[in-house]
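Student: Structure below; questions to follow.
Quick note: the coordinates plus some simple rules give every number you see, no bench work behind them. Given the structure is predicted, the values throughout are model-derived calculations rather than measurements. Please note: Cβ atoms are built from the backbone with ideal geometry, for glycine as well, and neighbour counts cover all protein chains shown.
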Amino acid sequence: MKVLMISGSYPPELCGIGDYSEKLVNTLKRYDIEVSVLANIDWSVKNYFSIIRQIESVNADVIHMQYPSFGYGFSIVPQMLSLKYKTVITIHEVSKAHPIRQLSLLPFSLRGKLIFTNSFEKDAFKRIYPFRKKRIEIIPIGSNIKISEQIARENKRYQDVIYFGQIRPEKGIEKLISLAEMFRDSNLSYKVVIAGQLLKGNQKYLDDLQSRSSLLPITWLINLSENEVGSLLANNLLAYLPFPDGVSERRGSFFAALANNMLVFTTKGEQSTAEMEETVYIIPEPQDLFRFLNNISIETLLQLSNEKNTAAQNYIKKMDWDVIAQKHMSAYKSL
């Protein structure tokens, strides 16, 4: 089987959906699926016929499009392609999308197979386009960070609180700074480590955060490699992921933390499930995490961590990339 994977962005360009696409492509190749990638090009309408020529030169059995993605910008070429070709389209975001973006999903509803990464996004789509009832599947995302060699929790560093993810507004990074301020003003020996991907257009935002935190116990690690991030997660116990809209199955960083045997503190939202909550500690605000760490011994912290571990490891089994790839192969065959 020959598959053409289309994504607006793809490594080395920074984009979470691009990272996801690369992981999927590499896993499919292990199953002897021939996969070509079309990404990181000019997606403007003026380049439409050039894109068509590139697609048809591949002569793929399956065209699989990832949407949205930073690289597309505001282009309508993905929608045009979905009307020209019978495609598989993974729609990663509906519920939080701008109404105009939601409206732009209409062409995707008309033909081909749709994949959503969780039931919340699928249900949001069906509320907008209730006439689309068939050829819809749910296939979860996996961790975009490889699992490093496992280190026993009792041997991990516990003095650092780790955040990793994109550096841009509305990611909750200000809460990490607030936590570091509390560490500075107390006798706790903890510090904050922020390992982030800096997306285009956010340099001033990062500069402002670093200026604000210059005297705080914060270490900034920007644009680390995947192996470096994996090592960071493997060697540290505590992760703080204060998602403004709560933890959900759209959060690859959450899966990466669980997969690397970390104790995760995070926030709750409308897409947080009871199963997910069993794997983490829900911490609404940074002062709640500060009080938690201030009133607990390392022995008790490790005990609580081990209690969460069983639920966490059972939960992430369904996010295994081999399972994800096999589900995609079944979807391709049914197209």
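Student: Per DSSP helix of 4 or more residues, -39500 (n - 2.57); summed, then divided by the residues of the chain. What does that give at 222 nm, rounded to the nearest 500? Walk me through the intermediate numbers first.
Tutor: Working: 13 runs with 134 residues, N = 335.
Helix-only estimate at 222 nm: -12000 deg cm²/dmol.
Student: Among 219, 209, 235, whose Cα sits farthest toward the positive end of the charge dipole of the chain (+1 at Cβ of Lys/Arg, -1 at Cβ of Asp/Glu, about the Cα centre)?
Tutor: 209
Student: For each of 241, 179, 221, count neighbouring Cβ atoms within 10 Å of the residue's Cβ, then give the residues from fewest to most. Walk me through the intermediate numbers first.
Tutor: Working: 241 25, 179 29, 221 15.
Lowest to highest Cβ neighbour count: 221, 241, 179.
Student: Hey, if you put +1 on the Cβ of every Lys and Arg and -1 on every Asp and Glu Cβ in the chain, which of 261, 273, 310 ends up farthest toward the positive end of that dipole?
Tutor: 273
Student: Something else about it: Which FRET efficiency value, to the nearest 0.05, is calculated for residue 314 and residue 110 with the Förster distance at 25 angstrom and r the Cβ-Cβ distance?
Tutor: On the way: r = 39 Å, r/R0 = 1.55.
The formula returns an efficiency of 0.05 here.
Student: Now, a different point. May I ask you to derive the FRET efficiency for residue 84 and residue 2 from their Cβ-Cβ distance with R0 = 22 Å, giving the value to the nearest 0.05?
Tutor: Values: r = 18 Å, r/R0 = 0.83.
For residue 84 and residue 2, the calculated efficiency is 0.75.
Student: Taking a ≥ b ≥ c as the square roots of the eigenvalues of the Cα gyration tensor of the range 27-131, is the shape rounded (a/c under 1.5), prolate (a/b larger than b/c) or oblate? Present the calculation step by step, with values, prior to reporting the outcome.
Tutor: Details: a/c = 1.84, a/b = 1.31, b/c = 1.41.
Note, shape of the range 27-131 comes out oblate.
Student: Follow-up question, since we're still on this one. May I ask for the Rg/Rh ratio of the chain, computed from Cα atoms with Rh as the Kirkwood radius, given to two decimals?
Tutor: Result: Rg/Rh = 0.99.
Student: Could you pull the Rg and Dmax for the range 153-319, using just the Cα atoms, both in Å?
Tutor: For the range 153-319, the Cα radius of gyration and maximum Cα-Cα distance read 15.0, 43 Å.
Student: Separate question: Going by how many other Cβ atoms sit within 10 Å of their own, how do 143, 109 line up, fewest first?
Tutor: Details: 143 24, 109 19.
Least to most surrounded, the residues fall as 109, 143.
Student: Can you tell me the length gained on complete extension of the stretch residue 136 to residue 170, counting 0.36 nm per residue apart and subtracting the Cα distance? Intermediate values should be presented prior to the final figure.
Tutor: Details: separation 34, 0.36 × 34 = 12.24 nm, distance 3.01 nm.
Result: 9.2 nm gained on full extension.
Student: In nm, give the distance between the simple-model label positions of residue 275 and residue 50, each being 7 Å from the Cα along the Cα-to-Cβ direction.
Tutor: Result: 4.5 nm between the two label points.
Student: Here's another thing I want to ask about it. Roughly what would the spin-label model give for residue 219 and residue 327, points 7 Å off Cα along C-beta, in nm?
Tutor: Placing both labels 7 Å along Cα→Cβ, they lie 3.6 nm apart.
Student: Let me ask something additional. So who's got an amide H within less than 5 Å of the one on residue 236, skipping anything under 5 residues away but keeping other chains? H placed 1.01 Å off N, in plane.
Tutor: Close amide H contacts, sequence-distant or interchain: 157.
Student: Still on this structure, I have one more. By how many nm would the segment from residue 287 to residue 157 lengthen if fully extended, with 0.36 nm per residue of separation less the alpha-carbon distance?
Tutor: On the way: separation 130, 0.36 × 130 = 46.80 nm, distance 2.16 nm.
Between residue 287 and residue 157, full extension yields an extra 44.6 nm.
Student: Something else: How big is the antiparallel share of DSSP beta bridges in the chain, given as a percent to the nearest 5? Kindly include the intermediate steps, with their values, before the conclusion.
Tutor: On the way: 0 of 42 bridges.
Beta bridges within the chain, antiparallel portion: roughly 0 percent.
Student: Then there's this: For residue 268, go through the lysines and keep the ones whose alpha-carbon is under 17 Å away, minus same-chain ones fewer than eight residues off.
Tutor: Once the sequence-local lysines are set aside, what remains near residue 268 is 96, 171, 175, 308.
Student: Find which of 65, 90, 129 sits farthest along the positive direction of the dipole of the range 42-152, computed with +1 on the beta-carbon of Lys and Arg, -1 on that of Asp and Glu, about the Cα centre.
Tutor: 129
Student: State the Cα centre-to-centre distance between the range 71-147 and the range 204-249 in whole Å.
Tutor: Taking the Cα centre of the range 204-249 as reference, the centre of the range 71-147 is 29 Å away.
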